[in-house]
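Trainee: This structure is in structure tokens; I'll ask about it shortly.
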Amino acid sequence: MPVGTQGTVKAVPQGTLEDLGAQIILGNTYHLYLRPGHDLIARLGGLHQFISWPRAMLTDSGGFQVFSLSKLRKLTEEGVRFRSHLDGSSHMFSPEHSMDVQIALGADICMAFDECTEYPATEERAAESLKYTMLWAARSLQHFRENQHKVPWHGDVTLANPMNSDESPASQSLFGIVQGGMYPHLRRESAERLVEMDFDGYAIGGLSVGEPREFTRQIIAEVLPLLPTDKPRYVMGVGFPDEIVEYARMGVDMMDCVIPTRAARHGLLFTSTGRMNIKNKQFADDPNPPDLNCQCPTCSRYSRAYLRHLMQTGEPLGGTLNSIHNLAFYLTTMARLRTELDSGIGRVL
Ligand SMILES: [Zn+2]
């Protein structure tokens, strides 16, 4: 899932994302709550309408950004009080408030409000943090079920429910998030209790927070078999191309990451022959497309020399063209994997 933090996958127009085959993109609750505000987006018909994106969307709960961006966090059982990274103003996010904001934004998939445990964390600290996440998961679910009819597009029967194969009226779905740091027994406890609560899908959060990659893999391998296979299983915040291939083969259904677009804006391209820093001098007079095996709009039309020139001169088109290629590389990688997995090869968990 390409990440569209501010209601835009940075530098790439929505029509291009459709052409690249993106089926779902992410929006960011924390950022959209602060600017332009969830009430304004609801008045304009919800996030799909506001950004003109007819396909599926997912919003995170805001918990991760409160954890990573805001200043002066104060955590209580009620929720988190924090100061905006924009103007220092004081705000409170609770599970109930996060659900209200996500229902107003109106994405197809909402995420339970959790606390992302930092790395490294002692076992005591991870257990304490998990206590909040589990308490907040139950409160998120209850508040969501009681208020989901307030979604801006409620009652629009022309929308099919993306979570169902039938034509039942559209409704939002809510996923629970497994936490527990790098401690397998806490992860197990978290997964089992969330499955009992019966969410529409399950995510593994608190990964890609600075831990060695071997830990990431171990936690995914530990948790996946505990999550029902008939519901989506989502690993948040991963990863590099080889990682998404590995995790998809393990049985992960959904992943999101800023890497393809963020790396692109810095001139790093992922290609069929490995990583390429397009800013390198060796590409200054190279007439070849960035990736000889790629049919994306960038590779079909532009040379390495031109992309390097755009980066050298700081032209915004450079970030756009690089992002289009990297997204195409990720999306075609996943499309190939889906075909491979459909044919029964490669699934291990
Ligand atoms: Zn390309």
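The values are calculated or read from the model by the stated rules, or taken from the named source; none is laboratory data. Quick caveat, the model's predicted, so the values are computed rather than measured. Using ideal geometry, Cβ is built from the backbone for each residue, glycine included, and neighbour counts are taken over all protein chains shown. Side chains are part of the model used for accessible areas, which takes the heavy atoms of the whole protein and leaves out ligands, DNA and RNA. Shrake-Rupley method; radii C 1.70, N 1.55, O 1.52, S 1.80 Å.
Trainee: Can you pull out the residues in the range 10-31 that are within 19 Å of F64 (Cα to Cα) and touching a helix residue (DSSP H, G or I) at 6+ places or on another chain (Cβ under 6 Å)?
Mentor: Of everything in the range 10-31, those that are within 19 Å of F64 (Cα to Cα) and touching a helix residue (DSSP H, G or I) at 6+ places or on another chain (Cβ under 6 Å) turn out to be G27, T29, Y30.
Trainee: I need a count of the residues in the range 132-162 that are out of contact with any Pro (no Cβ under 8 Å at 6 or more places or on another chain), assigned to a loop (DSSP other than H, G, I, E, B) and modelled with pLDDT under 80.
Mentor: Selection size over the range 132-162: 2.
Trainee: Going through the range 96-123 one residue at a time, which ones are over 20 Å from R43 (Cβ atoms) and of a type outside the set (A, V, I, L, M, F, W, C)?
Mentor: E96, D114, E115, T117, E118, Y119, P120, T122, E123
Trainee: Same structure again: Please count how many residues of the range 170-203 are buried (at least 23 other Cβ atoms within 10 Å of the Cβ) and more than 21 Å from the chain's Cα centre (by Cα).
Mentor: Result for the range 170-203: 0.
Trainee: Kindly indicate whether E115 is among the acidic types (D, E), within 21 Å of M182 (Cβ to Cβ), at pLDDT below 95 and surrounded by 14 or more Cβ atoms within 10 Å (Cβ to Cβ).
Mentor: When the stated conditions are applied, E115 passes them.
Trainee: Kindly list, by first and then second residue, each pair from a residue in the range 290-317 that is open to solvent by 30 Å² or more (accessible area, probe 1.4 Å) to a residue that is away from the ligand (no atom under 15 Å from the Cβ) and among the basic types (K, R), limited to pairs with Cβ atoms under 7 Å and residues at least 6 apart or on different chains.
Mentor: Listed by first residue and then by second, the contacts come to R308/K279; M311/K279.
Trainee: For the range 254-261, state whether one or more residues are more than 14 Å from S323 (Cα to Cα) and open to solvent by 80 Å² or more (accessible area, probe 1.4 Å).
Mentor: Checking the range 254-261: not a single residue is more than 14 Å from S323 (Cα to Cα) and open to solvent by 80 Å² or more (accessible area, probe 1.4 Å).
Trainee: Follow-up. What tally of residues in the range 209-219 results from selecting those that are without any contact (Cβ under 8 Å) to a residue 40 or more places away in the chain and either among the small types (G, A, S) or in contact with an Asp or Glu (Cβ under 9 Å, 6 or more places away or on another chain) (or both)?
Mentor: Selection size over the range 209-219: 4.
Trainee: Please specify each residue of the range 78-99 satisfying the condition of being assigned to a loop (DSSP other than H, G, I, E, B) and surrounded by 17 or more Cβ atoms within 10 Å (Cβ to Cβ).
Mentor: G79, S94, listed by residue number.
Trainee: Can you confirm whether L26 is closer than 26 Å to L130 by Cα and modelled with pLDDT of 95 or more?
Mentor: Here the answer is yes, as L26 does meet what is asked.
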